[in-house]
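A.B. asks: Would you mind keeping the following structure in view while I ask a few things?
Nothing in this text is a laboratory measurement; each read-out follows from the coordinates by a stated rule. Here the structure is a predicted model, which is why all the values come from computation and not from measurement. For neighbour counting, all protein chains shown are included, and Cβ atoms are generated from backbone atoms with ideal geometry for every residue, glycine included.
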Amino acid sequence: MAIYYLDVDDEITSAAQRIRETGESRIALVVQSGSRVASSRINFKLLSREAQHHNRHLSIVAVDASIRSLAEAAGLPVFESVAEYQRSQVAAPVEDGTGGETAAQPGAAGATAGGSIRARGSSARREAASAPGGVSNGTRSSEPRPAINPPLKPLRHSGRWIGLGLAGAAATVIASGYFLLPAATVVLTLESQPLGPVAFAALVDPSVESPDEETDAVPAVPQKFDVRASGTFQATGENVLETAAIGKVTFSSANTYLAVPILAGTEVSTAEGVSFTTTDSVTVPKATLEGLNLVPGTADAGVVAEEKGTSGNVDAGAIVKVPPDLAAALVIADPVTNKEATTGGTYSVSLFIQQSDLDAAETQLAQQLETAFQVRLSDPATAGAGVQLFAQGARLDNAVFDPDPGSLLGVEQERFDLAATGTGTALSVETISLRELAVAKMAQAAKPGFAPVEDSVTLTVGESEPVGNAVSVNVMAEGLQAAQIDEAEIRSAIGGMSPAEAEAYLERYGKAEVSVWPFWASTVPDFLDFRIEIRVVTPTPSITPGPSAPASATAGVTATAGP
């Protein structure tokens with residue numbers, strides 16, 4: 001026992017298919033309100049006939065009384081619920097195949113396509129009532145028979161029901177005729193032949209809106225994308241900070257006749273030549289005699305190193321020289337000395353960013369941008385999937401620096417960071433446009449009566465060169481070609497042929513498989529073309545594309561991914 005639930009959109013063909021394909025001998029179809037199957041009593045007649053043909057016992061389960069009425073009018077057992085149907089399969093008596101009745105055994109069919117139904121089927125009542133004593137056709141059973149349900153009350157408005165019955169019968173005849181009309185299915189796998197290669201030069205032109213077969217032009221789309229470079233650079237400008245050493249010297253004089261004046265700015269120096277100048281004007285007094293001892297006159301003066309830096313920091317006693325004329329006036333062997341070391345001489349350097357540093361950084365970043373631009377041009381991900389990008393005629397706009405180089409000029413720091421961004425522009429074309437043009441070119445090259453198999457067409461994009469604002473690119477296309485068919489002509493030609501004859505006729509196009517229906521049909525219908533279904537299978541592409549030109553300065557790059 002099998003129970004199938006039909007959707008409201010299921011066609012009668014779906015229901016019939018379930019009857020044919022089930023392995024069960026007893027079938028119940030559960031039909032919903034509004035179901036297409038329940039739109040006509042004819043449909044139930046056809047389902048009943050299908051069940052009889054395949055030795056199936058068919059019942060209809062429907063909550064909707066109108067559906068049950070249609071099914072019962074078609075001679076089918078009907079039930080209001082699945083539970084009622086299932087109970088009938090256990091409790092209801094069924095025909096024993098000889099016309100007698102036996103109690104239904106568990107698992108025995110109680111609902112058949114034309115059998116006895118005690119729950120709701122009227123045919124059982126009619127059959128039982130037609131035989132004498134309530135026995136149907138066979139020998140009277142000696143065992144007690146179950147009570148037979150009383151006959152149904154006559155329906156009112158019998159004239160209307162008779163009219164509906166006659167109309168239903170006529171519709172049944174028409175529908176049965178339609179479904180039993182011979183039909184044929186033709187599965188035609190077209191034979192393919194190589195086509196190409198076909199070479200042509202396509203003009204990728206931004207002024208063109210659609211592929212033009214006459215000029216071989218296809219629309220171009222300018223692609224814009226950013227490239228970026230950055231770096232850390234060394235500052236070379238120097239700020240030097242120096243201070244001069246200072247100290248004090250003592251002049252001595254053995255001149256007993258005159259005091260010796262020494263003006264500020266007088267130069268004194270060390271034996272190694274480190275020079276100082278006096279910052280004070282002093283007068284060295286005359287030397288005096290104390291007994292037999294000569295006591296030199298002395299005077300102290302401040303000094304500052306003539307050169308700034310640490311070289312002026314000298315040890316005590318290092319300053320020993322005076323100008324010759326002063327030495328003659330002082331008439332002493334050691335006219336000057338510094339009793340203490342001179343100090344305060346310093347030298348320090350701080351770096352700052354000068355213009356030459358910025359110029360060098362900008363030049364280096366511009367070179368990096370150009371390299372990055374060429375890498376992006378050769379990267380398939382730049383343009384996106386299904387887009388061909390061309391390096392020819394591509395340009396990189398002036399770089400924009402961050403931060404503004406002017407803001408860095410003169411800043412005291414050893415290193416500085418600088419970044420640059422440039423916008424590149426290149427022409428691109430959607431490969432679907434190139435393919436459309438290629439298919440048109442291949443159609444011109446195909447054999448008479450043949451056409452390119454579009455899914456088989458492969459493109460190889462070669463060298464390109466700029467032509468004004470456009471780009472000319474060499475393209476080679478190859479693929480498969482298959483015969484063009486006229487389905488009406490085929491239907492007319494194979495009508496009346498056997499499947500084998502039709503398959504032999506269709507060999508001119510490729511491999512064909514022809515089947516006819518129903519089982520008693522032996523030829524393709526030759527009077528109703530609409531009963532011949534033709535399914536065309538195009539060849540599977542098997543052409544391997546040739547290698548594309550390398551991503552160089554003269555070749556386009558096929559893009560396969562987004563940026």
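A.B. asks: Amide H of I534: which non-local residues (sequence gap of 5 or more, or other chain) have their own amide H closer than 5 Å, using H built in the peptide plane?
C.D. replies: V186
A.B. asks: Another question, then. Rounded to the nearest 0.05, what FRET efficiency is calculated for S275 and E370 with R0 set to 56 Å and r the Cβ-Cβ distance?
C.D. replies: Values: r = 57 Å, r/R0 = 1.01.
With a Förster radius of 56 Å, E is 0.50.
A.B. asks: Between T215 and Q355, what is the FRET efficiency for a Förster distance of 45 Å, r being their Cβ-Cβ separation, to the nearest 0.05?
C.D. replies: Working: r = 53 Å, r/R0 = 1.18.
The value I calculate is 0.25.
A.B. asks: Can you figure out the FRET efficiency of W520 with Q193, using R₀ = 30 Å and their beta-carbon distance, to the nearest 0.05?
C.D. replies: Step by step, r from the Cβ atoms, then E = 0.15.
A.B. asks: Mind running the shape call on segment 375-471? Use the C-alpha gyration tensor, a ≥ b ≥ c as the square roots of the eigenvalues: rounded below 1.5 for a/c, prolate if a/b tops b/c, oblate otherwise.
C.D. replies: prolate
A.B. asks: Separation of segment 434-454 and segment 237-312 by C-alpha centroid, Å?
C.D. replies: Cα centroid to Cα centroid, the span is 107 Å.
A.B. asks: Would you mind calculating the gained length between K447 and L181 on full extension (0.36 nm times residue separation, minus the Cα-Cα distance), in nm to one decimal? Please list the in-between numbers first.
C.D. replies: Details: separation 266, 0.36 × 266 = 95.76 nm, distance 3.94 nm.
The span from K447 to L181 would gain 91.8 nm if fully extended.
A.B. asks: Just subtract the alpha-carbon distance of A488 and R395 from 0.36 nm times their residue separation and send over the number in nm, one decimal.
C.D. replies: Here the segment from A488 to R395 would lengthen by 27.8 nm.
A.B. asks: Lysines near K286 by alpha-carbon distance under 23 Å, same-chain residues fewer than 8 away left out - which ones?
C.D. replies: K248, K321, K339
A.B. asks: Does segment 239-349 come out rounded, prolate or oblate by the C-alpha gyration tensor, with a ≥ b ≥ c the root eigenvalues, rounded set by a/c under 1.5 and, if not, prolate when a/b is larger than b/c and oblate if not?
C.D. replies: In terms of gyration-tensor shape, prolate.
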